[in-house]
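Scroll down for the structure; my scribbles are underneath it.
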Amino acid sequence: MLPLIVTDDPGLPDAMKEMARNSKPKVDISKDGSTWTIKTTVGDKVNETKYPENQEIDTTNIMGQSTKATLTVDGASLLEVQKFGDVEMQVKRCVDGDMYIVVSHLVKER
């Protein structure tokens, strides 16, 4: 299932919007106890992150930026908050029927 990626937020970094528009990422999500693993493959780039639920971790995003990230369950969705540089961004992931939907938007510049 390929994701529907919504990237129309004018505050998102241009490189991130460009990658989302031009890529066909493969995303694998799994859970072991209270730890979620999200593995994203875009072309030859692979990013796999293990998120202990509701705990901030240091990680690297698919763009290669060092981030602090927290993953929480929000109803039927996974909500990831990434903090990098002066940016705080939310990435919400959910499945709706046959569609995997990813919505990213800038929450604030810190």
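Points to keep in mind about this one:
- Residue 47 modelled with pLDDT of 85 or more, of a type outside the set (Lys, Arg) and not in a strand (DSSP E or B): no
- Residue 85 satisfies every condition listed in (1) within 11 Å of the chain's Cα centre (by Cα); (2) farther than 18 Å from residue 26 by Cα except (1).
- Qualifying residue in the stretch 19-27 (condition: part of a loop (DSSP other than H, G, I, E, B) and either modelled with pLDDT of 85 or more or surrounded by fewer than 12 Cβ atoms within 10 Å (Cβ to Cβ) (or both)): yes
- Of all residues in the stretch 74-93, none satisfies being modelled with pLDDT under 90, among the hydroxyl-bearing types (Ser, Thr, Tyr) and not in a loop (DSSP other than H, G, I, E, B).
Matching residues to (1) closer than 24 Å to residue 108 by Cβ; (2) in contact with an Asp or Glu (Cβ under 7 Å, 6 or more places away or on another chain); (3) buried (at least 17 other Cβ atoms within 10 Å of the Cβ):
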| site | (1), (2), (3) |
| --- | --- |
| 31 | no, no, no |
| 52 | no, no, no |
| 56 | yes, no, no |
| 61 | yes, no, yes |
| 67 | yes, no, yes |
| 70 | yes, yes, no |
| 87 | yes, yes, yes |
| 93 | yes, no, yes |
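- Every residue from the stretch 54-73 that is within 21 Å of residue 30 (Cβ to Cβ) and either modelled with pLDDT under 85 or of a type in the set (Val, Ile, Thr) (or both): 57, 59, 60, 61, 62, 67, 70, 72, 73
The values are calculated or read from the model by the stated rules, or taken from the named source; none is laboratory data. Keep in mind that this is a model prediction, so the values were computed, not measured. Backbone-built Cβ (ideal geometry, glycine too); neighbour counts: all protein chains shown.
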